[in-house]
Amino acid sequence: MKKNSKEAIVEAAIILFNTNGFHGTSIRDIATKANVNVANIAYYFENKHGLLEYCLTTYFEQYLMKIEEALPLLEDHPANCLKQVAENILAFQCNNIQFTRFILREMSIDSQMVREIMSTYYVKEKYYFRKILEKGMQTKVFRSQSLPYMIIQFKGLLTMPFLNTQYVTEVLHVFPQERFFQEKYLQEICYWIDGVIEASSFFQSKKAVSQ
């Protein structure tokens with residue numbers, strides 16, 4: 001199916017922003033790669049900053065949707081809900097590696113746009129993560145611990161391979177674009193949930209030590 005000019009512009013921008021950086025990419029570079037007229041970019045996005053804002057909001061709207069899809073599992077079992085969140089996010093990031101890599105790198109820069117994204121999308125993400133973890137602690141599925149630190153660990157597991165792609169591929173020889181990675185890494189995240197934050201495994205390990 002042939003892409004329309006707006007889709008082609010966004011796809012070209014993601015590739016060029018990812019390889020050359022936002023400031024190292026010009027509107028003309030994007031237009032050339034997308035095989036469109038520069039006027040098309042102005043028509044859809046006004047300017048390069050408008051295109052960047054569109055990329056950020058599009059990514060995070062899809063990202064949050066992946067979390068929301070797992071929330072119906074929360075009442076049944078918080079750990080299964082958290083594992084489903086991990087599976088959904090991981091699949092989304094693996095299927096959009098260049099987009100994810102660019103977005104995560106852009107979010108590490110202190111700018112007005114990034115602060116606005118944090119105050120909306122990241123605050124909503126924190127609400128969802130907190131809701132799952134609090135439910136797990138209330139029902140004694142998760143052991144009681146610091147919520148901010150649990151979220152840091154969970155987000156760190158989910159973002160590290162995509163924020164540090166060069167290290168992962170060139171040093172560790174692990175390739176996030178491969179299906180094997182998605183399956184294996186999800187397994188490792190589930191091991192973390194089972195072994196680190198679930199209450200049953202925590203009390204079992206304490207019992208074993210005391211014996």
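The values are calculated or read from the model by the stated rules, or taken from the named source; none is laboratory data. Since the model is a prediction, treat every value here as computed from it, not as a measurement. Every residue, glycine as well, gets a Cβ built from its backbone with ideal geometry; the counts of neighbours run over all protein chains shown. Just so you know, the surface numbers come from the protein's heavy atoms only, side chains and all, with ligands and any DNA or RNA stripped out. Shrake-Rupley method; radii C 1.70, N 1.55, O 1.52, S 1.80 Å.
Evaluated at q = 0.10, 0.21 Å⁻¹, the base-10 log of the normalised Debye intensity for the stretch 88-211, with identical point scatterers placed on the Cα atoms, takes the values -0.40, -1.26. Within the accessible area of the chain, the carbon and sulfur atoms contribute 53%, probe 1.4 Å, all protein chains present.
In degrees from 0 to 90, rounded to the nearest 10, what is the angle of the helix 199-210 Cα long axis to the longest principal axis of the chain? Compared with the principal axis, the helix lies near 50 degrees. The listed residues VAL168, VAL196 rank as VAL196, VAL168 when sorted by accessible area, largest first, using a 1.4 Å probe. Tilt of helix 97-106 relative to the longest C-alpha principal axis of the chain, in degrees (0 to 90, nearest 10)? Roughly 90 degrees, rounded to the nearest 10.
Remark: the ALA39-MET113 segment gains 24.2 nm on full extension, using 0.36 nm per residue and subtracting the alpha carbon distance. With contributions of -39500 (n - 2.57) from each DSSP H run of at least four residues, the per-residue ellipticity at 222 nm computed over the chain stands at -22000 deg cm²/dmol.
Think of each Lys and Arg Cβ as +1 and each Asp and Glu Cβ as -1; about the Cα centre, that makes the dipole of the chain roughly 240 debye.
By the Stokes-Einstein formula, at 0.890 mPa s and 25 °C, the stretch 1-69 with its Kirkwood radius over alpha-carbon pairs has D equal to 197 µm²/s. List the GluC sites (Glu not before Pro) within the stretch 74-132 that DSSP assigns to loop and that have no more than 10 neighbouring Cβ atoms inside 10 Å. Qualifying residues, ordered by number: GLU75.
Size descriptors for the chain, from the alpha-carbon set: Rg then Dmax equal 19.8, 73 Å. Within straight-line reach of LYS184, meaning a Cα separation under 18 Å, sit the following aspartates and glutamates at least 8 residues removed in sequence or on another chain: GLU87, ASP194. For the stretch 30-172, the tally of Lys pairs with Cα-Cα distances below 26 Å comes to 24, considering only residues 8 or more apart or on different chains.
Solvent exposure of the stretch 32-146 amounts to 52 Å² per residue of accessible area, where only protein heavy atoms count and the probe is 1.4 Å.
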